[in-house]
Amino acid sequence: MEKSKERIQQIKKKRPGYGEILDFYQKVIEAQDKAKASLKIDPVLLKKEWKELLAKEGFSLIQKEDFPLDIEASVKLFQALCQIGKEANPHMAEQVRKIKEAHDNKKIDLKNLLKEGVKEQKIERVADEFGLDIKVFSFLIQSSIKPSIEAGMEQLHSELDPETWLKGYCTVCGSLPFLSLLKEETGKRYLLCSYCGYQWRIDRLFCPFCDNREQESLHYLFAEGEEAYRIDLCDKCHQHIKTIDFRIIGESDPSLEDLATLHLDILASQKGYKRPIPNPWVT
Ligand SMILES: [Zn+2]
Ligand SMILES: [Zn+2]
């Protein structure tokens, strides 16, 4: 946490335009960190023979809905995040007011909602019913269950070899990656799961969204002076993924680095490339 705070200060100095959003982000991760400290998560049970069969057939270990959640802790975190949102800006404050009103009138059952947070359609339906901004609402829900999901992933971590999966989707939960990372001196490339945070190795020349490995249709762009961040573009599926080079900036919180470079996502989008798992901060 201290390292993240330091990094936030560094980025704020370099890119003052991100100041407000970074302050908000810091409060969010502090609340998540606090929740993580007292989390109670049931063990994820896996049969050895299932594990082997799934791996052989190229299936992920579990499904998104199989992650055990600490619902009490998630509800508490949701409320803490609502409070942070209320103080962040008028738009968030208005969203929180609407959520609180629906909750006070017993029209929203928080426990149930967080349990079903994985079902995007359900979240969309509730947002629609109460006139909520879907991006804000699903951000609050996803951020509230995140400590539980990550704790579940950490349990399964030892069951897997991150160096040998080499596919475009997560070996733990089957979700798509939201970032790619370059690490170690040789620049080994890893993908980072958008749902559970697992990291696994892939080839340097590879589009995780369409399995393209052809050099002619894979290229990248970056901004002058920001060589640690590049946007990998695929001309086959016209999608992109952001790659963060930890060899240049050192190990850091990938979500923070993603947030602080959303100008690159906007650039890629202007060029006609889609990001399958959007940067949550692009409005
Ligand atoms: Zn995953
Ligand atoms: Zn592609």
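The values are calculated or read from the model by the stated rules, or taken from the named source; none is laboratory data. Computed from a predicted structure; not experimentally measured. For neighbour counting, all protein chains shown are included, and Cβ atoms are generated from backbone atoms with ideal geometry for every residue, glycine included. Side chains are part of the model used for accessible areas, which takes the heavy atoms of the whole protein and leaves out ligands, DNA and RNA. Shrake-Rupley method; radii C 1.70, N 1.55, O 1.52, S 1.80 Å.
Candidates are the residues of the stretch 237-260 that are aliphatic (A, V, I, L, M) and open to solvent by 30 Å² or more (accessible area, probe 1.4 Å); the one that is farthest from ligand 1 (Cβ to nearest atom) is Ile248.
Take Glu224 and tell me if it is away from ligand 2 (no atom under 16 Å from the Cβ) and either open to solvent by less than 60 Å² (accessible area, probe 1.4 Å) or aliphatic (A, V, I, L, M) (or both). No; evaluated as a whole, the condition is false for this residue. The set of residues in the stretch 161-177 being within 16 Å of ligand 2 (Cβ to nearest atom) and open to solvent by less than 30 Å² (accessible area, probe 1.4 Å) consists of Gly168, Pro177. I'd like the full set of residues that are part of a loop (DSSP other than H, G, I, E, B) and within 16 Å of ligand 2 (Cβ to nearest atom), limited to the stretch 195-211. The answer is Asp203, Arg204, Leu205, Phe206, Cys207, Pro208, Phe209, Cys210, Asp211. Would you check if there is a residue in the stretch 24-36 being more than 18 Å from the chain's Cα centre (by Cα) and modelled with pLDDT under 95? Within the stretch 24-36, none of the residues are more than 18 Å from the chain's Cα centre (by Cα) and modelled with pLDDT under 95.
The residues of the stretch 47-75 that are under 23 Å from Lys115 (Cα atoms) and assigned to a helix (DSSP H, G or I), listed by number, are Lys64, Glu65, Asp66, Ile71, Glu72, Ala73, Ser74, Val75.
Looking at Ser74, Ser38, Ser4, Ser60 in this structure, which one is over 23 Å from Asp253 (Cβ atoms) and among the hydroxyl-bearing types (Ser, Thr, Tyr)? That would be Ser60, the only listed residue that is over 23 Å from Asp253 (Cβ atoms) and among the hydroxyl-bearing types (Ser, Thr, Tyr). Six or more apart or on different chains, Cβ atoms under 6 Å: show the pairs whose first residue is in the stretch 213-229 and within 23 Å of Glu184 (Cβ to Cβ) and whose second is not hydrophobic (A, V, I, L, M, F, W, C). Close Cβ pairs satisfying both conditions: Tyr220/Arg230; Tyr220/Asp232; Phe222/Arg230; Ala228/Asp245; Tyr229/Thr261.
The set of residues from the stretch 22-45 being open to solvent by 50 Å² or more (accessible area, probe 1.4 Å), of a type outside the set (S, T, N, Q) and either assigned to a helix (DSSP H, G or I) or in contact (Cβ under 8 Å) with a residue 24 or more places away in the chain (or both) comprises Asp23, Lys27, Glu30, Asp33, Lys34, Lys36, Ala37, Lys40, Asp42, Pro43. Residues that are of a type in the set (Ser, Thr, Tyr) and farther than 21 Å from Gly197 by Cα occur at least once in the stretch 4-22. In the stretch 47-68, the residue that is modelled with the highest pLDDT out of those that are open to solvent by 50 Å² or more (accessible area, probe 1.4 Å) and among the hydrophobic types (A, V, I, L, M, F, W, C) is Phe59.
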